[in-house]
Amino acid sequence: MQKNLKQIIKHSKVVSFDVFDTLLLRNVPHPQDIFTIIEEKHQIYNFKKKRIQAEIQARKTNFYNEITLNEIYQFLPNIDMAYEIEVEKESLFLNLEIYDLYQYAKDLNKTIIVISDMYLDKETLSQILHKNHLDAIEKIYVSSEYRLTKKEGALYERVLQDLNIKNPNNVLHIGDNTLSDVIMAKEKGINSIHYQKKLIKNCSYKHFIMKQDVNSLKKAQAISLDNLKINIEVTPLCYFKWLTFLLKQTYNKCIIFGISSCIKKIFTRAHL
């Protein structure tokens, strides 16, 4: 699969990635678990329910095809929007399976862009990408800024116009959503690849499987180390690749899991 994708990348002028659940993954099984974390971390009663309802209201009352986080929080008076941005930043990490394709495109000096249907603003998205070492991205197209979406197809049209692309077939887009990332991209003449994320079933962010032996991680769906609230929604191979990558960047800085001894324990047992 990777070999075939790299051949397509090789023959493309522009390589585009979806962001959430493609280029980056969250360390919770479901996106709305972010709201539960905020609710508990900042002790905001019933925040998850209020946040979901606020987004529904914002979409109902908005004239545009996409809303912004600011517009959502107009229905959440006295709650700091910064809490959500903070937790989003903390929860996202590199999908090493897709990062390999990103790096390949970078090595070939392809024009790399991201296209995302998301209410977060461009600046926040840029900070998240930078934090995850994705510095070769030349353009960020986010629906909240343009008020256009992939799922309606209009954001793709804007991208083609903005980059002055006469032949959409020169663009490759990779994403996880069948409608937004595949069907609508192809409708606009853009080559698209459907990335199928490996899911954890029947697992909430609070339910962790404690495994002392690293070999047993092969069967683990979620991982807890020293009772820390960590939920890794990746396969074991991708999980260790991710750890290896970050360890090279931040060894002994205690940012992975917050406790460096946990990292050392993993790597000692895994002989990495």
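The figures follow:
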| quantity | calculated |
| --- | --- |
| Per-region count, the stretch 2-25, residues of a type in the set (A, V, I, L, M, F, W, C), in a strand (DSSP E or B) and closer than 12 Å to Ile112 by Cα | 3 |
| Enumeration of residues in the stretch 148-180 that are outside any loop (DSSP other than H, G, I, E, B) and either among the hydrophobic types (A, V, I, L, M, F, W, C) or closer than 14 Å to Asn65 by Cβ (or both) | Ala154, Leu155, Tyr156, Glu157, Arg158, Val159, Leu160, Val171, Leu172, Ile174, Leu179, Ser180 |
| Subset of the stretch 115-125 (residues that are buried (at least 20 other Cβ atoms within 10 Å of the Cβ) and assigned to a helix (DSSP H, G or I)) | Leu125 |
| Index of the failed condition, Ile128 passing every other in (1) part of a helix (DSSP H, G or I); (2) in contact with a strand residue (DSSP E or B) (Cβ under 9 Å, 6 or more places away or on another chain); (3) modelled with pLDDT under 95 | (3) |
| Residue within the stretch 128-147 that is surrounded by 18 or more Cβ atoms within 10 Å (Cβ to Cβ), farther than 23 Å from Tyr73 by Cα and free of Cβ contacts under 8 Å to residues at least 24 places away in the same chain present | no |
| Unique residue being under 19 Å from Glu152 (Cβ atoms), without any contact (Cβ under 8 Å) to a residue 60 or more places away in the chain and of a type in the set (Phe, Trp, Tyr) when the list is Phe35, Phe63, Phe47 | Phe63 |
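The values are calculated or read from the model by the stated rules, or taken from the named source; none is laboratory data. Everything quoted here is computed from the prediction, not taken from an experiment. Cβ coordinates were reconstructed from backbone atoms using ideal geometry, including for glycine residues, and neighbour counts include every protein chain displayed.
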